[in-house]
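One structure below.
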Amino acid sequence: MTARGSSSIGAWRALAGAALLCASVAQAGPIVEPFEISGSNDTVAVAASAAAGYTVLADTFQDRVEVRDVTSAVVREITRAQILALCPWMTLDGGPDGPAGVASTPTGNQVFILVHDDTTPADGLGSDAILRWNQPSNTLTLHQRLDLFHRGDQTPVHATAHDRAILYVGSTNATGQGLIRAVVANANVGAGSVLATWNVPGPAGAPLRGLTIDRESHTIFVATDAAVYRAPLTNNFGVPPTWTLVTNVSGVRSLAYSDAYGPDAARGLYVLRTSPAAASSIEFVPAALALSGSGVPFLRMRVRPRRGTRSQRVAMDAW
């Protein structure tokens, strides 16, 4: 989990479902470790590489992305200048525009970064972008242009996850409709292409509030402002996913699915919830219920009070 607060510690990592998770999920929450970062406390997105131990942090106000190894050492920093070199039409500043969504392949060899801005480009193409960092060659490239979010003065809820050479990108458009795009993200392909665009499940106009994937079963989970849904990923992009309600729930800010480390009891869906007037919480649904149940209860794992006087932004990923 990452949080924006008033302290010098700007990011917190909740290793939900990782090897550090206590053996009894019902009795203990995830271990929370501080990440020391420089500058403002505006980390709004995080991703984890399940097989390599890399963690990716995105900061919208400094327009910076950090890739850290399992010891928390920074192995690559992507700066505003590097982003603008690939996206020269953007006018990134010290506000909430910039990188607001990240995803990693399990090996950490490919990191994808969602960057949004409100500038209308003169070439008529998408105003936002997906960047790709290739770890073996240490190169940053423009992967795909598209429209993610129409404002530069608000931090959006973007969510993205990678599965079988496809990047699933979640965002909310100018009318408030949540969207999911399937984008080609093969390591051998120099640039992406959008294979399909779907509305999020639920009533028309529902916004996106989270997206994650169980890579073992190839099941996608999506959260709106009122519910969490799942669907099998078939790689048939001509047909929309067949969604099943997992449970009705409000206040979701991020989803993560843990399938790599820790005891079997820790495997499953993690839901990060926030409220303007209450504490944030991480809630858990065991894998068996998340993958087959409907109307399932959530187990509250941890409640952490809000810090400071500034608005809090939170995100989560699991190993």
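We did not get these values from a lab; they are worked out from the coordinates using the rules stated. What you see is a predicted model; the values in this text were computed from it and never measured. We place every Cβ from the backbone using ideal geometry, glycine too, and count neighbours over all the protein chains shown.
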Exercise. Ranked from highest to lowest mean number of other Cβ atoms within 10 Å per residue, what is the order of the peptides 224-237, 166-179, 288-301, 68-81?
Worked result: 166-179, 224-237, 288-301, 68-81
Exercise. If you plug each phi of segment 178-192 into the Karplus form 6.51 cos²θ - 1.76 cosθ + 1.60 with θ = phi - 60°, what whole-Hz ³J(HN,Hα) values come out, in order, with x for Gly and Pro?
Worked result: x, 10, 10, 10, 9, 10, 4, 9, 6, 4, 8, 9, x, 9, x
Exercise. What's the local net charge at residue 167, with K and R +1, D and E -1, over the other residues with C-beta under 12 Å away?
Worked result: +2
Seminar exercise, completed: For the residue 188, residue 218 Cβ pair and Förster radius 25 Å, calculated FRET efficiency rounded to 0.05 is 0.75
For this session: Report the extension gain between residue 174 and residue 125 in nm, rounded to one decimal, defined as 0.36 nm multiplied by the number of residues separating them, less their alpha carbon distance.
Result: 16.0 nm
Problem set entry | Distance in nm between pseudo-label sites at residue 199 and residue 72 (7 Å out along the Cβ direction from Cα) | 4.5
Seminar exercise, completed: For segment 117-129, Karplus-derived ³J(HN,Hα) couplings (6.51, -1.76, 1.60; θ = phi - 60°; whole Hz; x for glycine and proline) come out as 7, 9, 6, 7, x, 5, 7, x, 8, x, 7, 10, 8
Exercise. Taking every pair of alpha-carbon atoms in segment 63-158, what share in percent sits in each 5 Å bin, from 0 to the bin with the longest distance?
Worked result: 3, 13, 26, 25, 17, 10, 5, 1, 0
